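The values are calculated or read from the model by the stated rules, or taken from the named source; none is laboratory data. Because the structure is predicted, anything quoted here is derived from the model rather than measured. So basically every Cβ, Gly included, is an ideal-geometry build from the backbone, and we count neighbours across all protein chains shown. Heavy atoms of the whole protein, side chains included, go into the accessibility calculation; ligands, DNA and RNA do not. Shrake-Rupley method; radii C 1.70, N 1.55, O 1.52, S 1.80 Å.
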Amino acid sequence: GGTRLADLIERARPTMRQRACVFVVSDFISEGGWEEPLARLAERHDVVAVRLYDPLEMTMPDLGLVMLQDSETGEQLFVDTGQRGFRERFAAAAQRRETTLLDGLARAGVDTLELSTGDDLMDAILRFADLRKQRSRLANWSGQPGRGAVGAHLSTWSGVAA
């Protein structure tokens, strides 16, 4: 069967008795329903969704007739990638999947670090850590030197994506 990220998150949640920083590393291509367990996990813990993706999954090159195999189910299918209509449908489906995934992460209310297989991973991680540090400083800044935290500053922050 396919990956059931929701089940994995639900099983992990009770094992973490104290507040922790939790990194959920996945491509988030899973059966639906993982958003709610991820949001529940974030109620108690500082959760960072580390999304791994390959930009090549967004478009299908013209390779002629190829056999595709689902890595989880083993299902095989011959497709003609030389047909422009097929490539356009593939790109549209990939864009819908991308939109749904990003909407789900936003609904879960977690910070998201997107790591592309084409990126310098160390640079991406360092940029993400710097952005989180800046957001933390912003959340604790009241506009007056030496003043306490003002939570309203975070309400305009839409999250961090590197």
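At a glance:
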read-out: Set 62, 119: member being outside any helix (DSSP H, G or I), farther than 30 Å from residue 10 by Cα and open to solvent by 90 Å² or more (accessible area, probe 1.4 Å); value: 62
read-out: Counted residues, the stretch 13-24 - those being open to solvent by 40 Å² or more (accessible area, probe 1.4 Å) and aliphatic (A, V, I, L, M); value: 1
read-out: Residue tally, condition surrounded by fewer than 15 Cβ atoms within 10 Å (Cβ to Cβ) and in contact with a helix residue (DSSP H, G or I) (Cβ under 7 Å, 6 or more places away or on another chain), over the stretch 104-115; value: 2
read-out: Breaking point among (1) under 21 Å from residue 41 (Cβ atoms); (2) in a helix (DSSP H, G or I); (3) open to solvent by less than 60 Å² (accessible area, probe 1.4 Å); (4) out of contact with any Phe, Trp or Tyr (no Cβ under 6 Å at 6 or more places or on another chain), for residue 101; value: (4)
read-out: Cβ pairs under 9 Å, 6+ apart, first in the stretch 13-26 and in contact (Cβ under 8 Å) with a residue 12 or more places away in the chain, second open to solvent by 50 Å² or more (accessible area, probe 1.4 Å) and of a type in the set (Phe, Trp, Tyr); value: none
read-out: Of residues in the stretch 135-155 being exposed (fewer than 12 other Cβ atoms within 10 Å of the Cβ) and outside any loop (DSSP other than H, G, I, E, B), the one modelled with the highest pLDDT; value: 137
